[in-house]
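The values are calculated or read from the model by the stated rules, or taken from the named source; none is laboratory data. Quantities reported herein were computed from a predicted structural model and do not represent experimental measurements. Neighbour counts run over all protein chains shown; Cβ positions are idealised from the backbone, glycine included.
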Amino acid sequence: MKRYIVFLKQVPQSTLVEIDPITKTLKRSSALCKTNPDDLCALQAALNLKKKTGAEIVAVSMGPAKAENVLREALQHGADHAILLSSRAFAGSDTWCTSTVLAAAVRKIGSYDILFFGRMAIDGDTAQVGPEVAGQLDIPQITQLIQIDNLTDNSIILHKKAGETIQQLEITLPCVVMVSKENGEINPPTLAGWRKAQQQSIVCWDENDLNLSSNEVGLYASPTKVVSTQVPQSNKSIEWLTDATNIMQIIQESIHPQK
């Protein structure tokens with residue numbers, strides 16, 4: 001049986017998130033959370049392919065215990081199994097350490113055909129984790145997927161965006177695919193799916209289960225160091241115009257400024 005692994009991340013639901021003054025990382029406990037939008041699109045791409053191939057879908061998320069909500073949502077939509085990668089040792093991991101954990105999880109899961117990632121997470125906008133996992137596993141990667149055309153036992157044929165052009169490629173399996181909203185929104189959940197998701201168990205793995213040491217993951221193992229953070233300031237000068245004459249005068253001065 002074919003197997004697709006979909007990676008989903010829990011992200012803050014708003015921009016009102018506190019920054020830890022010591023580590024300079026997001027204090028995720030200070031905000032309500034949701035599933036990263038691009039990751040839901042990746043899940044839908046896997047679900048669409050499952051209808052044609054009958055593949056098994058494994059949903060994976062790395063985060064604190066409350067990231068279980070992300071996996072429940074994936075199960076509700078049709079994922080077959082769910083795995084939570086959770087440990088205090090993972091806290092503060094940058095994209096490289098995150099990809100180390102995810103790649104280790106893939107190796108532990110075993111055989112697979114396609115790894116599905118959202119193109120980027122809205123709390124970081126790096127678009128690095130999917131490609132880094134592909135690099136750690138030494139398998140092909142496809143960024144900015146547009147559509148999947150065909151799938152055989154050994155390869156996948158698809159269209160992807162490359163700058164202003166569209167490419168059609170045939171990629172050897174296994175591979176990593178990055179998906180965004182260009183590939184389509186996720187279908188609405190169903191009551192039957194919700195009931196099924198509440199009854200399913202979620203497997204939890206830590207660094208010991210993944211054969212990783214605490215020196216390979218977490219804040220202090222991360223090569224990315226945040227020196228400082230600040231909130232952008234926007235200072236606007238507002239002037240109320242009382243009639244059309246003033247408006248035309250300002251337009252003319254902007255076109256022909258006085259020397």
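Of all residues in region 100-126, those satisfying the criterion of being polar (S, T, N, Q) and more than 12 Å from the chain's Cα centre (by Cα) are Thr100, Ser111.
Of the numbered criteria (1) surrounded by 21 or more Cβ atoms within 10 Å (Cβ to Cβ); (2) assigned to a loop (DSSP other than H, G, I, E, B); (3) hydrophobic (A, V, I, L, M, F, W, C), the one Phe117 fails is (2).
The selection criterion, being modelled with pLDDT of 95 or more and among the aliphatic types (A, V, I, L, M), holds for Ile109. If you scan region 196-255, which residues turn out to be in a helix (DSSP H, G or I) and within 30 Å of Val101 (Cβ to Cβ)? Across region 196-255, the qualifying residues are Lys196, Ala197, Gln198, Gln199. Listed by first and then second residue, the pairs with beta-carbon distance under 7 Å, at least 6 apart or on different chains, first residue in region 164-186 and within 18 Å of Tyr4 (Cα to Cα), second at pLDDT below 85 and loosely packed, with under 13 Cβ neighbours inside 10 Å, form an empty list.
Condition check ((1) in a strand (DSSP E or B); (2) modelled with pLDDT under 95; (3) within 19 Å of Ala79 (Cα to Cα)) across all residues:
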{"site": "Leu102", "(1), (2), (3)": "no, no, yes"}
{"site": "Ala134", "(1), (2), (3)": "no, no, no"}
{"site": "Leu169", "(1), (2), (3)": "yes, yes, no"}
{"site": "Val176", "(1), (2), (3)": "yes, no, yes"}
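Restricting region 61-81 to residues that are touching a Leu at 6+ places or on another chain (Cβ under 7 Å) and closer than 29 Å to Thr224 by Cα leaves a set whose member that is surrounded by the fewest Cβ atoms within 10 Å (Cβ to Cβ) is Glu68.
Looking at region 146-164 only, could you name the residues that are assigned to a strand (DSSP E or B) and either charged (D, E, K, R) or in contact with a His (Cβ under 6 Å, 6 or more places away or on another chain) (or both)?
Of all residues in region 146-164, those assigned to a strand (DSSP E or B) come to 146-151, 155-162.
The answer is Ile146, Gln147, Asp149, Lys160, Lys161.
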